[in-house]
Amino acid sequence: MLRNVDLSEISDGRLYELNDMVKAECNDCKGCSKCCRGMGDTIKLDPYDIKRLTEATGKSFEQLLANEVELNVVDGMILPNIKMVDGHCPFLNDEGRCGIHGSRPGFCRLFPLGRYYEEDGGFRYFLQVHECDRAGHAKVKVNKWIDTPEPARYDRYVVDWHKFQKDIQIKVIGALFGTDHLDDQSTSGAAATAGMSEEDIAIAEETARNISMLVLNTLYITRYEESKDFYQQFYGRLARIRDMLGV
């Protein structure tokens with residue numbers, strides 16, 4: 001999910017890299033589960049998250065949609081997110097602890113850090129200073145905090161996934177509103193479709209849905225084989241989608 005914010009208002013003013021120390025350690029969140037509650041639809045899931053969740057729970061993507069995951073439109077794409085149940089994460093156990101901590105989504109691993117994407121295509125991390133209420137945060141290395149195997153490959157994947165989402169957003173906007181509106185993400189549907197016939201609007205909306213469903217089916221619903229390297233599988237699928245859509 002892309003956000004346009006002033007970093008000076010939400011961070012400590014610094015940008016961090018994987019080997020930097022950051023004040024994010026919060027004593028293993030003991031006695032607190034605030035960030036697991038009331039999150040709405042904000043915990044977005046990428047394909048690697050779904051791979052982790054299906055393996056941890058033994059459920060298929062479709063089975064997760066019954067209780068733990070839901071679908072919403074994000075930046076022009078239909079994407080999954082953790083579904084709040086009675087106001088809290090469905091994986092929060094009776095002790096107020098994460099029941100899938102070893103397989104938790106990237107969003108949860110990152111919190112309270114965020115990613116600042118730079119013009120060269122890379123990113124650095126920033127500390128969100130208003131998101132975690134616990135006092136006495138200790139310093140921890142960013143890499144250790146995120147706790148993901150093969151951090152260099154994972155960071156490359158994050159960058160490529162971010163770029164792909166932007167490319168798909170442009171493709172969807174073009175399908176819905178035409179290429180004249182590709183640089184105008186604030187254009188409302190009513191304004192952008194003015195002058196289009198109902199038939200043309202219906203065709204454009206169907207095209208946008210088909211693009212989203214292609215992404216969803218290829219990168220999420222089709223299960224990744226546990227015995228094979230995730231990144232090789234993901235990039236193979238990604239290349240097929242790019243070829244099919246010309247993005």
Segment 179-222, subset surrounded by 14 or more Cβ atoms within 10 Å (Cβ to Cβ) and assigned to a loop (DSSP other than H, G, I, E, B), residue modelled with the highest pLDDT
MET196
Give the number of residues within segment 58-74 that are without any contact (Cβ under 8 Å) to a residue 24 or more places away in the chain and touching a Lys or Arg at 6+ places or on another chain (Cβ under 8 Å).
2
Does SER103 satisfy the criteria of being among the hydroxyl-bearing types (Ser, Thr, Tyr) and closer than 28 Å to LYS144 by Cβ?
yes
Which residue pairs have Cβ atoms closer than 7 Å, lie 6 or more positions apart in sequence or on different chains, and pair a first residue in segment 18-41 that is among the β-branched types (Val, Ile, Thr) with a second residue that is modelled with pLDDT of 75 or more and part of a loop (DSSP other than H, G, I, E, B)?
none
So PHE91, is it among the aromatic types (Phe, Trp, Tyr) and out of contact with any Cys (no Cβ under 9 Å at 6 or more places or on another chain)
no
Specify the residue that is nearest to PRO149 (Cα to Cα); the eligible residues are those in segment 224-242 that are loosely packed, with under 14 Cβ neighbours inside 10 Å and basic (Lys, Arg).
LYS228
Let me spell it out: the conditions are (1) under 23 Å from the mean Cα position of the chain (by Cα); (2) closer than 20 Å to TYR16 by Cα; (3) at pLDDT 75 or above, and LYS139 meets all of them except one. Which number is the exception?
(1)
Conditions first: (1) at pLDDT 95 or above; (2) assigned to a loop (DSSP other than H, G, I, E, B); (3) buried (at least 16 other Cβ atoms within 10 Å of the Cβ). VAL158 passes all but one, so which condition is the exception?
(2)
Going through segment 44-83 in order, the residues found to be more than 18 Å from PHE111 (Cβ to Cβ) and touching a Gly at 6+ places or on another chain (Cβ under 8 Å) are ALA56
Test of understanding: among GLY31, GLY76, GLY58, GLY40, which residue is at pLDDT 95 or above and either at positive phi or outside the structural domain of GLN128 (by TED's automatic domain parsing) (or both)?
GLY58
Candidate set from segment 80-99 (those that are at negative phi and among the charged types (D, E, K, R)); member that is nearest to the chain's Cα centre (by Cα)
LYS83
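The values are calculated or read from the model by the stated rules, or taken from the named source; none is laboratory data. Not measured: the values here are computed from a predicted model. Backbone-built Cβ (ideal geometry, glycine too); neighbour counts: all protein chains shown.
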